[in-house]
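The values are calculated or read from the model by the stated rules, or taken from the named source; none is laboratory data. Here the structure is a predicted model, which is why all the values come from computation and not from measurement. Methodologically, a virtual Cβ is constructed for each residue, glycine included, from the backbone with ideal geometry; neighbour enumeration extends over all protein chains shown. Surface areas here come from the heavy atoms of the whole protein model, side chains and all, with no ligands, DNA or RNA. Shrake-Rupley method; radii C 1.70, N 1.55, O 1.52, S 1.80 Å.
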Amino acid sequence: MNRPFDVIQAIQKRYTDMSSVLDERGRRLFAAAEARAYGLGGAYVVEQATGVARSTINRGIAELKANAPVTGRVRRPGGGRKKKRPGTPPSDR
């Protein structure tokens, strides 16, 4: 097997090549597929290579194992930034 540093560089290259066309789900599933392909310790190696959190990679692995159909949503219901109410003044941030 390749040395870990070589593997990390290869994963980084594939991730940077694909990251511009992937949404959140795509990044999660890409990282999960790479981790599963690496085998034992794959989530750690992919985390080092991509910066994707290990919890996100593990969630993606669970999605791949469940073989769940892809729905129209990228995030869970209620996820993401909340809508601004009309007439609300701008925040101080």
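In this structure, does Val45 turn out to be in a loop (DSSP other than H, G, I, E, B), more than 12 Å from the chain's Cα centre (by Cα) and either surrounded by 11 or more Cβ atoms within 10 Å (Cβ to Cβ) or in contact (Cβ under 8 Å) with a residue 12 or more places away in the chain (or both)? First the steps, then the outcome.
Working: in a loop (DSSP other than H, G, I, E, B): no; more than 12 Å from the chain's Cα centre (by Cα): yes; either surrounded by 11 or more Cβ atoms within 10 Å (Cβ to Cβ) or in contact (Cβ under 8 Å) with a residue 12 or more places away in the chain (or both): yes.
It is false that Val45 is in a loop (DSSP other than H, G, I, E, B), more than 12 Å from the chain's Cα centre (by Cα) and either surrounded by 11 or more Cβ atoms within 10 Å (Cβ to Cβ) or in contact (Cβ under 8 Å) with a residue 12 or more places away in the chain (or both).
When we screen Ala37, Ala32 for residues that are open to solvent by less than 60 Å² (accessible area, probe 1.4 Å) and hydrophobic (A, V, I, L, M, F, W, C), the only hit is Ala32.
For segment 71-93, the criterion of being open to solvent by less than 70 Å² (accessible area, probe 1.4 Å) and either among the polar types (S, T, N, Q) or in contact (Cβ under 8 Å) with a residue 60 or more places away in the chain (or both) is met by at least one residue.
When every residue of segment 7-25 is checked against the conditions, at least one turns out to be under 27 Å from Arg76 (Cβ atoms), open to solvent by less than 40 Å² (accessible area, probe 1.4 Å), of a type in the set (Lys, Arg) and free of Cβ contacts under 8 Å to residues at least 60 places away in the same chain.
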